[in-house]
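J.: This is the structure I want to talk about, given as structure tokens.
The values are calculated or read from the model by the stated rules, or taken from the named source; none is laboratory data. In this text the structure is predicted, and so the values were computed from the model without any measurement. Neighbour counts are summed over all protein chains in view; Cβ atoms, including those assigned to glycine, are modelled from backbone coordinates with ideal geometry.
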Amino acid sequence: MTDPVADMLTRLRNGVRAKLSKVDIPFSKLKGEIARILKDEGYIANFKLVENPQQGMLRVYLKYGPGMERVITDLQRVSRPGCRIYCAKDQIPRVYGGLGINIVSTSRGLMTGRSAAREGVGGEILCNVW
């Protein structure tokens, strides 16, 4: 697998479309931070690390509305291994006019595009979520 972040986003996207309650993803620190941001922003219900003999698994509990409507409409990978996308602090794009978020990898760690602009740091745009 050449792009583990894209694999995580695809598993989440497929799980939401299939209306699953939880999705298991191979753990890494980067994926754990992405899950933390998604939980803080209200896109997923919860996540936890499940111990596994080979590699830990990140269990993500998906969130739905009262009529089982999706909270996550779509996830889009922006910066890929073959084409990295960077932006300065004043050029961070808005997702759907501010209705979605973008996750940015900065020198101060992973954060949303809004918080990166507020703190005055730019970085690599990993993905958009709406």
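J.: Please determine whether any residue of the stretch 11-19 is out of contact with any Pro (no Cβ under 9 Å at 6 or more places or on another chain), surrounded by 15 or more Cβ atoms within 10 Å (Cβ to Cβ) and without any contact (Cβ under 8 Å) to a residue 12 or more places away in the chain.
T.: no
J.: Taking into account only those residues within the stretch 53-109 that are of a type in the set (S, T, N, Q) and at pLDDT below 95, which is farthest from residue 19 (Cα to Cα)?
T.: The extreme case among them is 54.
J.: Look through 20, 12 and report the one residue that is under 20 Å from residue 70 (Cβ atoms) and in a helix (DSSP H, G or I).
T.: 12
J.: Taking the conditions exactly as written (of a type in the set (Phe, Trp, Tyr) and in contact with a Lys or Arg (Cβ under 9 Å, 6 or more places away or on another chain)), does residue 96 satisfy them or not?
T.: Answer is no for this residue.
J.: Quick one: is residue 60 over 11 Å from the mean Cα position of the chain (by Cα) and either assigned to a helix (DSSP H, G or I) or on the phi < 0 side of the Ramachandran plot (or both)?
T.: Yes; evaluated as a whole, the condition is true for this residue.
J.: Something else about it: Please report, ordered by residue number, the strands (runs of 3 or more DSSP E) entirely within the stretch 79-130 with at least 3 residues that are of a type in the set (Gly, Ala, Ser), outside the structural domain of residue 32 (by TED's automatic domain parsing) and surrounded by 19 or more Cβ atoms within 10 Å (Cβ to Cβ).
T.: Passing ranges: none, list empty.
J.: Also, I was wondering about something else. Could you go through the stretch 33-48 and let me know if any residue there is in a strand (DSSP E or B) and among the basic types (Lys, Arg).
T.: So far as the stretch 33-48 goes, yes, one or more of its residues are in a strand (DSSP E or B) and among the basic types (Lys, Arg).
J.: State the number of residues belonging to the stretch 23-32 that are in a helix (DSSP H, G or I) and surrounded by 14 or more Cβ atoms within 10 Å (Cβ to Cβ). Talk me through it step by step, then tell me what you get.
T.: If we filter the stretch 23-32 for residues that are in a helix (DSSP H, G or I), which is where we start, we get 29-32.
Pick out the ones that are also surrounded by 14 or more Cβ atoms within 10 Å (Cβ to Cβ) and you get 30-32.
Summing the residues that are in a helix (DSSP H, G or I) and surrounded by 14 or more Cβ atoms within 10 Å (Cβ to Cβ) in the stretch 23-32 gives 3.
J.: Just for the stretch 110-130: of the residues that are touching a residue at least 40 places away in the same chain (Cβ under 8 Å) and aliphatic (A, V, I, L, M), which one is nearest to residue 19 (Cα to Cα)?
T.: For the stretch 110-130, the residue satisfying everything is 129.
J.: Can I ask one more? Go through the residues of the stretch 60-68 one by one and say whether even a single one is without any contact (Cβ under 8 Å) to a residue 60 or more places away in the chain and within 17 Å of residue 5 (Cβ to Cβ).
T.: Taking the stretch 60-68 and keeping what is without any contact (Cβ under 8 Å) to a residue 60 or more places away in the chain, we get 60-68.
When the remaining residues are screened for being within 17 Å of residue 5 (Cβ to Cβ), the result is 60.
Within the stretch 60-68 (the criterion being without any contact (Cβ under 8 Å) to a residue 60 or more places away in the chain and within 17 Å of residue 5 (Cβ to Cβ)), the answer is yes, since at least one residue qualifies.
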